[in-house]
Structure formats: structure tokens, C-alpha cells
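The values are calculated or read from the model by the stated rules, or taken from the named source; none is laboratory data. Bear in mind the structure is a predicted one, so any value in this text is a computation, not a measurement. As a convention, Cβ positions derive from the backbone with ideal geometry for all residues, glycine included, and neighbour counts pool all protein chains shown.
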Amino acid sequence: MSRPHPPSGVGRFFVLTFALTWLLWLPMLLAGHHLIGPVIGPVQSTLLLALGTAVPSFVALALAARSGGAALLCGLTRWRLPARWYAAVLLIPATLILTAVGLDVLLGGTAPSFPSPGRWPLVAVNFLAVLLIGGPLGEELGWRGYALPRLDLKLNSTAAAVLLGLVWAAWHLPLFLLPGTPQAQLPLVWFVLQTVAFSVLLAWVYRRTGGSLLLVVLLHGVVNTLAGPLRVLPTTEGTLRPYILITLLTVAAALLVSWQGQSGRPVRMLGAPTAALEDR
């Protein structure tokens, strides 16, 4: 009788990331459904949510340390890129979100209130906070920095991005059961569609910039920062805006896949030999 094979490198990453994140989010879930006493207040919930969101990057750093963790961090320092890439990570999400807002208003939705110039510094501060504790930095070293290059060694570029998007969507599942979260207001199939499409876009930026995690983190941060003020997050009000945005994002992802075909080249982590990415 053959012995079961141990999880691969990317498999270990997925198992540890899911287990640790869901363990941190479990108290919020139990408190949200009144299954435990009122020991989890807003402050504790925010802390647990932030810690759980940061698990992918911490797990990736821990696993990558076995083969030189510095290589994973190199992606965050890859900033010497043409200015058009910095424009792209700002303008692509802004264009998609503003188009969704405009179409929603044309269909009878309420226009959001844009911040006055005097409040723009607060927008910048919010952007920095989102980058650090709102998901982008805590997630992207794991999803795009660690998992994507390893999936690229086994699958074509489209399949790797789509599979990672499906795993990424599944990782969020506890938030669908938590009252008050944006995920709880959105049908699961729409969230999966959104996450897979966003995964394709992030993977495209990662590969085309030669593995720049900095650009990926910035793109993720721009989306998360604009989503709140421009009211594209799902709410109990039943607005069409999130669904319009997801449709536009899916179309954009499909166009990217069609444009690049299967020619997207796998990107290995900067400074790491290919062997360092092989599952051990």
C-alpha cells in the first residue's frame, strides 16, 4: 500500500493559509451569530479581520524562508518601471469603477458624493491605511508572490490565474456567513466571478511587469480605496452598481485573456533560481 504524498509547496501554502485565517475569523463568526457571549466587540473584530487578512503573506514568508525568503520580498522593491505602469494601476480600476457608477446613475441610481479637494489628503491617508492593513500588502505576497509563480510552473497562464482566483474566492467564504460584511450582501456566484476576474487582472500586471509585487499591491489598494467612497460595494440597498462593476471587470479580464492568448510567460520570483519554486 503506497503512502500518501505530502502536500506540495503551493498545497502547503493553501492549507496553512486557510486554516490560520479561518481560525482567526471563527470568533467573529460565532459572535456574529450569537453563539458566544459579547466578548468580541468592534475593536476585537477589526483586529481579527486584519490579522486574518495578513495571513497569506505571513505564511508565504515563512515557507519561502526555507529557500531564501529575501527573493519573495524582492518583488516589493521592483519599482523601476515605465511610468505607464503606474498610470495603468491607477487608471484601469478608476475607469472601471467610474464607468460602473456612471451606468448605474443612467439606470436611475444615486450619484455618489465625491470628496472635495480639501479632503484629498484624507483620501491619501486612507489609501495608505488600506495598503497596510486593508488587504493588499497582507495578501499579495502570498497569492501573487508565492502561489502564482508555482502554479505557473504547472499550468498555462490563464489556468493558473483562474485557479488562483477560485482558491482566493473560497478563502473568503467565512465572510459570507458574517452579518454586515460586503460579502454577505452579494450572491456567491457573483463574488466568485469578481474574484476570478480580478485574479486574471492582477496576474497580468504581475507577469507583464516582470514580477513587480509593488505594482500588484498598488492596484489592489486602488480598488479597495475607491470601492467605499464610490459606493460600489454591495449593500442591503440592492443597488446595481456592484453587479455592473463585476460585469465590466469580467469583460476586461476576458479581453486580456483573448489578447495575450496563452503567450503569457510564467514569472519566477526575482533573485530566486527556478529550483527554489519547485515543490518540496
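When the residues of the range 29-63 are filtered to those that are at pLDDT 90 or above and farther than 18 Å from Gly135 by Cβ, which remaining residue is surrounded by the fewest Cβ atoms within 10 Å (Cβ to Cβ)?
If we take residues in the range 29-63 being at pLDDT 90 or above and farther than 18 Å from Gly135 by Cβ, then Ala62 is surrounded by the fewest Cβ atoms within 10 Å (Cβ to Cβ).
Can you say whether Leu255 is outside any loop (DSSP other than H, G, I, E, B), at pLDDT 90 or above, surrounded by fewer than 20 Cβ atoms within 10 Å (Cβ to Cβ) and aliphatic (A, V, I, L, M), as far as the supplied structure shows?
Yes: the conditions hold for Leu255.
Give me a count of the residues in the range 210-225 that are surrounded by fewer than 21 Cβ atoms within 10 Å (Cβ to Cβ) and modelled with pLDDT under 95.
Going through the range 210-225 one residue at a time, the tally reaches 2.
Among the listed residues Arg84, Arg80, identify the single one that is at pLDDT 95 or above, surrounded by fewer than 17 Cβ atoms within 10 Å (Cβ to Cβ) and of a type in the set (D, E, K, R).
So the residue among Arg84, Arg80 that is at pLDDT 95 or above, surrounded by fewer than 17 Cβ atoms within 10 Å (Cβ to Cβ) and of a type in the set (D, E, K, R) is Arg84.
In the set Arg12, Arg66, which member is at pLDDT 90 or above and charged (D, E, K, R)?
Just one listed residue meets the conditions, Arg12.
Restricting the range 197-209 to residues that are β-branched (Val, Ile, Thr) and within 16 Å of Pro136 (Cα to Cα), which is surrounded by the fewest Cβ atoms within 10 Å (Cβ to Cβ)?
Here the residue is Val205.
Among the residues in the range 226-236, are any in a helix (DSSP H, G or I), at negative phi and among the hydrophobic types (A, V, I, L, M, F, W, C)?
yes
Which number in (1) buried (at least 22 other Cβ atoms within 10 Å of the Cβ); (2) of a type in the set (A, V, I, L, M, F, W, C); (3) modelled with pLDDT of 95 or more marks the one condition that Val232 misses?
Going through the list (1) buried (at least 22 other Cβ atoms within 10 Å of the Cβ); (2) of a type in the set (A, V, I, L, M, F, W, C); (3) modelled with pLDDT of 95 or more, Val232 breaks only (3).
Applying the selection to the range 215-236, what residues are out of contact with any Ser or Thr (no Cβ under 7 Å at 6 or more places or on another chain) and aliphatic (A, V, I, L, M)?
Across the range 215-236, the qualifying residues are Val216, Val217, Leu218, Leu219, Val222, Val223, Leu226, Ala227, Leu230, Val232, Leu233.
If I ask for residues that are under 16 Å from Thr247 (Cβ atoms) and in a helix (DSSP H, G or I), which ones from the range 182-196 would you list?
Val189, Trp190, Phe191, Val192, Leu193, Gln194, Thr195, Val196
Exactly one condition in (1) modelled with pLDDT of 95 or more; (2) out of contact with any Lys or Arg (no Cβ under 8 Å at 6 or more places or on another chain) is false for Pro187; which is it?
(1)
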